[in-house]
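Scroll down for the structure; my scribbles are underneath it.
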Amino acid sequence: MTKNPIIPTRHVFQFGNKIAKFGFMCSLFLALNVAQAISIDDIVKSANDIWQEERKIKVPDFSLTDLNGNVHNNKSTQGKYLVVNFWATWCPPCLKEIPAFVEFYEKNKGKVLILGLDYEQANKAAIIEFTDIFMVNYPIILFDDKNGAQFTKFGEVLGMPTTYIYGPNGNLVDYQMGEMDMTALEKATSK
């Protein structure tokens, strides 16, 4: 005679708990995935909305005097792409991008003006020597008593290098925190 094995109640309860726990974990996982998908979509939408708002940003009213005594302002830069690059001599990515800016400016100075805003307290003679070594061919603006207040008009600089690119109509067409290269400069000025 075969006996039916009797499974103690506590094992059934534990097995039932495992199924309940697994079901709970699956529903929690599913809920978190749905919430995450929504939040990622919301983040992407928000970022796109912010970028669309930034595209409406116009070049600010500014007046900056470069190392040679030339004055650059929002009126004198109209009709050209304006590349405003915040940099410093102590910033390795800033130094790495200078050759790209030099080459880009040489090729495009008819349609582009690059303003290199040296965002540090620096001695004018030292910066002139520095820019001569790097063969910088675009205007360099010192952060000094004359220009310092004008630097903030372009926006907050959270890290360096930071570059703002405005189109010939004065609209912001690109913004980048971090090193720019030739490809990024060409892409931004072809919009």
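Key figures for this structure:
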| read-out | value |
| --- | --- |
| Proximal charge balance of Tyr138 [Cβ under 10 Å; K/R count +1, D/E count -1] | -1 |
| Within-9-Å neighbourhood charge of Thr189 [Cβ basis; K, R +1; D, E -1] | +1 |
| Listed peptides 63-74, 103-114, 78-89 by packing density, highest first (mean Cβ within 10 Å) | 78-89, 103-114, 63-74 |
| Simple label model, 7 Å out from Cα along Cβ direction - Lys109 to Ile133, nm | 2.3 |
| Simple spin-label estimate for Leu158 and Asp145 in nanometres, 7 Å along Cα-Cβ | 3.4 |
| Carbon plus sulfur fraction of accessible area for segment 104-180, probe 1.4 Å, in percent | 52 |
| Derived scalar couplings ³J(HN,Hα) [segment 76-86; Karplus, 6.51 cos²θ - 1.76 cosθ + 1.60; whole Hz; x for Gly, Pro] | 6, 9, 4, x, 10, 5, 10, 9, 10, 10, 8 |
| Segment 175-190 - phi-based ³J(HN,Hα) in whole Hz, Karplus 6.51/-1.76/1.60, Gly and Pro as x | 8, 8, 9, x, 5, 9, 10, 4, 4, 5, 5, 5, 4, 5, 8, 10 |
| Residue-normalised accessible area of segment 44-191, expressed per residue, 1.4 Å probe, Å² | 52 |
| Distance between segment 113-191 and segment 61-89 - C-alpha centres, whole angstrom | 8 |
| Net charge contributed by nearby residues that have their C-beta within less than 12 Å of Cys94 (K/R +1, D/E -1) | -3 |
| Restraint check, Lys56/Lys146; Lys109/Lys146; Lys80/Lys146; Lys107/Lys187; Lys96/Lys153, Cα-Cα greater than 23 Å | Lys56/Lys146; Lys109/Lys146; Lys80/Lys146; Lys96/Lys153 |
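The values are calculated or read from the model by the stated rules, or taken from the named source; none is laboratory data. All values reported here derive from a predicted model rather than from experimental measurement. A quick note on method: Cβ atoms are made from the backbone with ideal geometry, for glycine too, and the neighbour counts reach across all protein chains shown. These area figures cover heavy atoms from the full protein model, side chains too; ligands, DNA and RNA do not enter into them. Shrake-Rupley method; radii C 1.70, N 1.55, O 1.52, S 1.80 Å.
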